[in-house]
Every structure is written in structure tokens, then in C-alpha cells.
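Below you'll find the structure, written out as C-alpha cells, and then a few comments.
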Number of protein chains: 6
Amino acid sequence: MQTPVLFVTRRAHFNAAHKLFNPKYSKEHNEELFGKCANENWHGHNFDLYVTIKGRPSEDTGFVMDLKKLKVIIEDEVVVHLDHKNLNVDVPFLKDVLPSVENIVVAIWNRLAPRLPEHVKLHKIHLIETINNSVEYYGPDTPF
Amino acid sequence: MQTPVLFVTRRAHFNAAHKLFNPKYSKEHNEELFGKCANENWHGHNFDLYVTIKGRPSEDTGFVMDLKKLKVIIEDEVVVHLDHKNLNVDVPFLKDVLPSVENIVVAIWNRLAPRLPEHVKLHKIHLIETINNSVEYYGPDTPF
Amino acid sequence: MQTPVLFVTRRAHFNAAHKLFNPKYSKEHNEELFGKCANENWHGHNFDLYVTIKGRPSEDTGFVMDLKKLKVIIEDEVVVHLDHKNLNVDVPFLKDVLPSVENIVVAIWNRLAPRLPEHVKLHKIHLIETINNSVEYYGPDTPF
Amino acid sequence: MQTPVLFVTRRAHFNAAHKLFNPKYSKEHNEELFGKCANENWHGHNFDLYVTIKGRPSEDTGFVMDLKKLKVIIEDEVVVHLDHKNLNVDVPFLKDVLPSVENIVVAIWNRLAPRLPEHVKLHKIHLIETINNSVEYYGPDTPF
Amino acid sequence: MQTPVLFVTRRAHFNAAHKLFNPKYSKEHNEELFGKCANENWHGHNFDLYVTIKGRPSEDTGFVMDLKKLKVIIEDEVVVHLDHKNLNVDVPFLKDVLPSVENIVVAIWNRLAPRLPEHVKLHKIHLIETINNSVEYYGPDTPF
Amino acid sequence: MQTPVLFVTRRAHFNAAHKLFNPKYSKEHNEELFGKCANENWHGHNFDLYVTIKGRPSEDTGFVMDLKKLKVIIEDEVVVHLDHKNLNVDVPFLKDVLPSVENIVVAIWNRLAPRLPEHVKLHKIHLIETINNSVEYYGPDTPF
């Protein structure tokens, strides 16, 4: 008999600068679209990232996955690229992406999903920008 | 190709008084049902409200929805009616409703759902009454 | 040689209704003074109370004071009188007191100070009304 | 017409010691598997437990379930057995279970599910071990 | 008889970009001094600001100071200048100041102290940059 | 002119097991003194440690002290010795110390104070054992 399916969440953290600015449009139109988030000299946030995986615990370890290994994957694929960086300028995998929380979350999913071991699935990426705003993503097959 | 479906959450806050008291019953029976929450002179809480919508980010803005607009809708439809109010007495849309967290959450859903733009759906209302108690509602079609 | 002097803090919690309203004045003047806090039908809060005492740890127990006993004192002197109560109406020791956080804090100090054992001193009462507002009191001898 | 289906969450708390150590293996192999969590002299955590139930609010009370009763069930079935205990040694219902968060969560589900009244269903057990790690369980029928 | 002296704290919030970079030195030396905080393309934070004032509550209002007025002063003197700004570039009162948390805190004190009414004193500025780091300032007369 | 004196706080964290048990006394008397904290098989906590230093910011860096260096000192002197350890058994500097929060805090002060650079002073050690209990220590010269 198989062990049951569980959801395991690991937190990571990064501090970054960004601005919301679509280069297709004028400064004025960007201010209409994004308000003070369009400030051309940037602003920034402490981002809290929660990565949730899904799987069955091993009978040997009681773990769905060794969280020390998940921590290293998140660190290598996400945190070193985003922490103390400018999300519009410094991040190869966000090139040509408008760094809204929505778009960052999708990019993080795409970085992490192929790196997980086969016996687990990536279930959710949850990114908290401020106490007031956050975005969750459950992968490309989510129906509307 | 469409952008993926994401879940975006905005927090709001209100401080309110209420009591749990069913006028069909005696004071004694209300105390049996509701314990100290039945205190006839009211008590109150700091309520944290999390509103989650679902949709696809715009390619122009990276936003599922402009959260400044969502903030205004939550403010106009919910917060101005509940903040620094008595939930049993002061709120037209809670008239004849026993203001348990459960019933408040359903009333908030019913206020917000018709006000959202067509390209997003209301996904969840989460209302936190204390660090120990909260209620989530995913709309009238939720199966048991 | 004596053990060193330490500060020990215990948290308590109560949910209560109140309004800020000075009966010497008209409704209109109360609204000028207190804004939406003057709502005649009350509003309420989750109050977090932090009580800090000062003393030397016992060599027998390592404790400045047994916190189970401090918890009972706070419960008996403060929490049972304020939790799920109306601070303007239900509380004998707040009779004729305008229940601002400031005045509640002083009243709590006056309840607790005489109940502590002789080997400790009450150091601070800290009452948090919302994430945005709190008041601290260090006793009647605090200089301006 | 039935009232809608809602999800109600109650928090509980316990402080416990454990170690992650599989007695089938050597001390060295346990250290490979579990790192510092294998320390033979134990370590411990403050565990936050969130129990979510699902049901329709009563028209009489506005409650899906009286949370005072749910609190007592959680206290009797879980907290008294785990609080200030050693999860490897002191807990009959964790005997022969490697006390990873995953395995504790399943054991808590199995304790609580049969104790709930018929008109509600246990929906989720969420156990937070540290600010960085948590596990959620939605019951034995969860598909992978 | 005078009312007692109390300490009242109001929270504010701003999201900002900055870098730690002393223009007197080379890029290499800045990286030695500031590590990843020296990233020339900026990074950013959610800053939580706690402003504590000291005074005696009014007998008329129970308030040391009307917090709605304190909120407006903090908003006008600090938040509008720092929120969604670049602390190295956009802020006249931080011109030629290396925007470490230490230096920001002193600048905020200097903005707020002269704006408070005569019956209160500014007691403390506490600025939290991340969950791990914060700075407190009690004014220019603090002894070492 | 000297820069002003500021207080800088750095957070650290450790998860540990302990029991409160005075070997001079019987098991029964220990249970009277310490209640469930005397469980002979241990219990444990997530401890949050806040270390506050005092000093004047450097004109070169804006820092009272490089927090990366403070982090390393706290890590080397405290965290590696306490994290995932048994505070009664595994810690040389707590040998023969009853590991109450009070006594741990004093031991941490005594480890850190001699390791700080001369231009700063250790100001406070704040150790949070649970959301309900914490202890602060300002050094051996604190008057009662």
C-alpha cells in the first residue's frame, strides 16, 4: 500500500528592485497604467517565496523530499538570480518580461519544475510582494 | 497563445463590533449556543480580509487586474460599510443576518462578485477573525 | 553573588468592543475629536497585551517568576474582565474612564502592580490595538 | 435552499521534541539522511497546527460547527498527547512512526477525522514546523 | 494632578530601492564594504517604520496625541518622499547621505521632531528593513 | 562632530530541545516547580534570538557595524552550539545551567559581549521562546 499524497512547502526570500514600465508606451501612459510603481528610478520589495511540492513520503525517511535538497534547488535556480538584483535589468530569465508579480511567479515555476526529482510534482508557487499583495500559480494547465 | 491562469490576492482590514445572538431564542439559550460571544453589550475584532481573484495576466501590464482598482472595489463595497461599525446594527447588507464569520464571508462574496471586470473571476474570500479562527468561501457552487 | 536582573514578558489576549466618546460633549464634537471611533453603535478590536516584569532569576528554578502564576494573575485581574466585553459598559475598573488605549493601559498597570510577588517589579504594560497603533506604559514615575 | 459550503479553520499549538532517526540504519547513515535533525539527543519545535473543516453553516447559529467543540476535540485527540512531549518516545499513536512533519500530519488526520460530527468533513491538516517548512494533508483520497 | 506619561507608537510603511555604495571608493572596494548590497543596479525593500512619541493623555480625549494627525505628519514628512522611490536618487532630504538604515533613521527623526506639537516629544524611530535587520534611534542626545 | 548613537538589531534562530528539571530535587518536586516543562523525555522550541548593539555609524559605510560580521559572530558563538541541540546535554557553555530562557539569555550575553569590536557595545539580548513568552537582558549592570 502506498503512503498518502501530501503537500510540502518551503519558504525562500529575496530583496529586489524593479519598476513596472512597458517600453512600448510613453512615460505618461506608463504612469496611468502603473501609478507610482512606474517610477523610472525604481523601487523595491522584500519578496517571500513559498514553493509547494506534492508527493508521497518515503518509508525510509518520512520525507516527500529532502528539504535541504529543495532548498538548494530554489537557491540555485531562483534566489541567487533575484536577491539584491534589479528584476528589470539583472536577470537573464526575466529578459523582455515585465516584472509584475504575476510574471515573476510564472518564470519561477518554469525554472523549478524541470529541476525536481521524478517522484514529486511542483504544485504551487506563491510569491508575496507586500502584506497586501500576493500571487499564486498552479502551473500551465490551470483552467479559467 | 494565452498567458496562464493565476490567482491574485489583495488584503483589506476592518475593525468592527458584533455579538452572536439569535433573536428567536432566549438570552439563556443564546449563551448556551454562543458562550461569551453572546454578550449583549457586544465585543469586537480586527478582521483581516483576503480577496482572491483568478485570471490571465495582460500582456500590456503583466497584471491579472489592476490592484489599485480592486482595492477601490473592496473599499467601496465592503470596508466603508464594515470598518468601525456594529455588524449587527449598522450594515444594511447584513440586516437579518446573524454576523458569524461564515455569514459575513458569504455576504462579502455576494457584494464583490458582481463588481469584478469580466476577464477575472472571484475565486476566494478569506476572513480572519482572530489568530485562531478563520473562514474561506469559494462561492455558491462549492460541492460538499 | 546575586543573579543578574532580567525582563520577562508574557502575552495575553482579549477581544472587546468600545467607542471613543466623551459624554461631556455633543455627538458632533465627539466626531470631530474621534472620527469614526466615535460611532455610537461601537466598534471593536483584538487586543494583544504584553506584560513585562523585572527581577532576578531564582537559582532553584532559573525563573524570575513562574509564568504559569503570572498568567493566572493576568487572567484574573485583566482578561476575564475585558475579553468579549464592552469596555465602556461592562468593566467596573474602567467606569468613568474614556477607554482609549492609553487609559486602558494605565488601568491594567494599576490592577497588576499590587498583585505581583515582592521579588519582582512590574516594568511595562504594552497594549497593541491594531498592527498600526500601540501604547506602552512604564508606571506612574515615568518622567516627561 | 441549503446554505453554501464553507471552510472553517481553527489553530492549535504544541511544543515538542523529536529527532529524525530511522532505527533500521546506522548513526552515520541517519546523519546522511537527516543531517542535524538526526542529533541523538533530540531537538524541538513550536508547532502550529491548522485544522480545516468543510460544511454548511447552521441557520440557527451561523456556524459550520461550534469552534469551542472543535477546539476541545483537537485538544483531546492531539494537543494533550503532543504538547511538551517527545514525539519519538511519549506518543502512543506515533509509536513506530518516524516523526517527520509528513507522518505527524497523517497521524493527526487519522485521530481527528472519526471524531467530527456527521454534518462536517475534515478538509485539511496544515502543520507548520518552522517559518520555512510546513506540510498540508487533504486525506487519503488525494490523487498524485 | 497630571495624567501619567505614556509612549504611543504609530506604524507606517514604504517600499523603496537603494544601494549601499560610497562614491568616494572604487566598485571593488564598495563590494568589499557592502557585499551584494552594492549592486550598481539597485535592490529594494519593504520598510516598516514605527514612530514612538511620549506624552501625557488629554483628559478630554484620552489621547497623548490624535493618531490621525500623527499619521498625516508621517505621511507628509516621510512616506510620500520615500514610498516607491529610489533612496539614493529621488529624495532631497537624503541627498549626499549614504542610505543605510542607520542614516535613514536619523534623517526621519530630523524630519519629524520639529513637526510634533509642543505637548509631546519624539521618543524613538524604529525602522525594520527585513525580518533580520532593524535600527532604533532615540535622538541626538543618546549617550554611548 | 560625531555621528549619533544608534541601536542595531540582528535576528538569529535556533531549534532546540530542553527540559526544566533541577537535579537537586525529586521528579515530583520538579513537576510542582515546572509543570509539563519537566517532562523527562524533553520538549522543544523554535527560539528567535534578537541581538542589539549600540554605536555610532561610520561615515564611510553608514553602518554601526557590518551586520554580515555580526551574523558570523552570532553564528559561531551561539547558533552552531544551540541549533538542533539538547540544551541540557549538548552545550558546553550551558553545563550545570538550568536551561530556562532567563539562564540561556545570560549565557548568550556572556558569549557575545567579548567578541564585539571595540567601537560598539552589546546592548540587549532578547530571546523569544514562544509567541507568549520572552526574556530580555541588558547586561550585568542592570539595576533592580
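A few points about this structure:
- Heavy-atom accessible area, probed at 1.4 angstrom with all protein chains present, ranks B:21, A:34 as B:21, A:34, highest first.
- Theoretical ellipticity at 222 nm over the protein assembly as shown - DSSP helices of four or more residues, -39500 (n - 2.57) apiece, nearest 500: -5500 deg cm²/dmol
- Taking B:24, B:124, B:69 as the candidate residues, the one with maximal mean-square fluctuation in a Gaussian network model of chain B, Cα springs under 10 Å, is B:24.
- Residue of C:29, C:13, C:81 that the Gaussian network model of chain C assigns the largest fluctuation, springs spanning Cα pairs under 10 Å: C:29
- Taking each of A:124/D:124; C:36/E:68; A:69/D:95 in turn, the alpha-carbon distance tops 20 angstrom for A:69/D:95.
- Overall dimensions of the range A:12-82 by Cα: Rg and Dmax, Å: 18.9, 60
- GNM on chain C, alpha-carbon springs under 10 angstrom: the most fluctuating residue among C:22, C:133, C:86 is C:133.
- Relative to the other identical copies, residue F:123 shows label-point distances of 1.5, 1.5, 4.3, 4.3, 4.5 nm, where the label point lies 7 Å from Cα along the Cβ direction and values run shortest first.
- Kirkwood hydrodynamic radius of the range A:69-144, from inverse mean 1/r over distinct Cα pairs, in Å: 13.3 Å
- Restricting the calculation to Cα atoms, chain B shows an Rg/Rh of 1.04 when the hydrodynamic-style radius is the Kirkwood one.
- Relative contact order of the range D:6-137, defined on C-alpha pairs under 8 angstrom at six or more residues apart (%): 31 percent
- Å² per residue, accessible surface of chain E at 1.4 Å: 42 Å²
- Within the accessible area of chain E, the carbon and sulfur atoms contribute 52%, probe 1.4 Å, all protein chains present.
- Measuring from each Cβ of chain B to the axis carrying B onto E, the nearest residue and its distance in whole Å come out as B:13, 6.
- Probe 1.4 Å - accessible area at residue C:115, Å² to nearest ten: 100 Å²
- In terms of overall dimensions, the C-alpha atoms belonging to the protein assembly as shown reach 75, 70, 64 Å along their principal axes, ordered largest to smallest.
- Equivalent-ellipsoid semi-axes of the range D:105-144, from the Cα gyration tensor, Å, largest first: 21, 12, 8
- Summary for residue E:92: label point 7 Å along Cα→Cβ; distances to the equivalent points in the other copies, ascending, 4.5, 4.5, 5.9, 6.0, 7.5 nm.
- Separation of the range B:3-20 and the range C:67-135, taken as the distance between their Cα centroids, equals 31 angstrom.
The values are calculated or read from the model by the stated rules, or taken from the named source; none is laboratory data. Bear in mind the structure is a predicted one, so any value in this text is a computation, not a measurement. Methodologically, a virtual Cβ is constructed for each residue, glycine included, from the backbone with ideal geometry; neighbour enumeration extends over all protein chains shown. These accessible areas exclude ligands, DNA and RNA; they are computed on the full protein's heavy atoms, side chains included. Shrake-Rupley method; radii C 1.70, N 1.55, O 1.52, S 1.80 Å.
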